[in-house]
Amino acid sequence: MYTEYMLEKEPLEAKRKKTLNILEENFAHGAIDVDEYEKRVDIALNTSIEADLVRLTSDLTVIPEDSPKQEAQNRSTPLHAKQEDTIAGILSSIHRRGEWLPAKKNRILSLLGSVRLDFTKVALPAGVTEIDFFCVMGSLDVVVPQGIKVDISGLPVMGSIDNRIKDPLERNCPVLKIRGLALMGSVDVKPPRRRRWKRW
């Protein structure tokens with residue numbers, strides 16, 4: 001158990017970082033599920049009370065630092081860059097691609113414009129990354145590679161919401177939770193385009 005260790009005299013931010021690391025390691029090893037991991041991370045990021053940090057890991061074990069799963073998790077799934085972010089394409093086009101850092105909760109507005117979010121080279125943190133969209137006579141394209149689960153629902157009003165992503169076989173994979181309204185607009189969630197080799 002980690003309670004006594006967390007009671008050592010350390011700055012609050014140092015304790016917060018250790019708490020987040022322990023939660024991440026336990027999630028990677030299947031000790032807690034996605035919902036529980038997300039709930040505890042939210043508390044850890046927002047609390048200013050040390051006792052809360054202690055309680056979050058009191059029922060978990062410390063996984064050795066040389067654990068292969070932990071090393072892989074630390075390399076591939078960093079924490080979210082920030083809690084919330086807003087991306088607006090109003091009479092314009094916005095394209096996020098490459099190694100960009102999504103927030104935990106991303107608000108997307110597409111008003112007579114287009115927004116494209118390409119997660120092909122993004123190392124999503126473990127747990128849930130949220131996308132809340134509002135498309136009015138605009139479009140939202142979300143490119144999702146293998147190994148990411150898509151949980152999508154929304155209301156199309158004279159518009160369309162399409163999901164072409166199959167659920168991955170991996171357990172405890174990152175999740176994109178997509179919700180919103182498409183009013184005379186379109187939302188398309190799709191895999192990366194396959195490269196076609198030209199014949200000479």
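The values are calculated or read from the model by the stated rules, or taken from the named source; none is laboratory data. Note that the structure is a prediction, hence the values are computed from the model and not measured. Here Cβ is always computed from backbone atoms with ideal geometry, including for glycine, and neighbour counts include all displayed protein chains.
Values for this structure:
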| read-out | value |
| --- | --- |
| Residue satisfying condition, being within 14 Å of the chain's Cα centre (by Cα) and modelled with pLDDT of 95 or more, within set I161, I152, I108 | I152 |
| Which listed residue, of I108, I94, is in contact (Cβ under 8 Å) with a residue 60 or more places away in the chain, assigned to a strand (DSSP E or B) and closer than 20 Å to S186 by Cβ | I108 |
| Subset of segment 33-56 [under 22 Å from the mean Cα position of the chain (by Cα) and acidic (D, E)] | D33, D35, E36, E38, D42 |
| Segment 167-194, residues that are more than 19 Å from P102 (Cβ to Cβ) and either in contact with a strand residue (DSSP E or B) (Cβ under 9 Å, 6 or more places away or on another chain) or modelled with pLDDT of 95 or more (or both) | D167, E170, L181, A182, L183, M184, G185, S186, R193 |
| Listing of strands (runs of 3 or more DSSP E) fully contained in segment 119-200 that carry 3 or more residues being surrounded by fewer than 16 Cβ atoms within 10 Å (Cβ to Cβ) | 149-157 |
| Boolean, R179 is under 24 Å from K39 (Cβ atoms) and either touching a residue at least 12 places away in the same chain (Cβ under 8 Å) or touching a Gly at 6+ places or on another chain (Cβ under 7 Å) (or both) | yes |
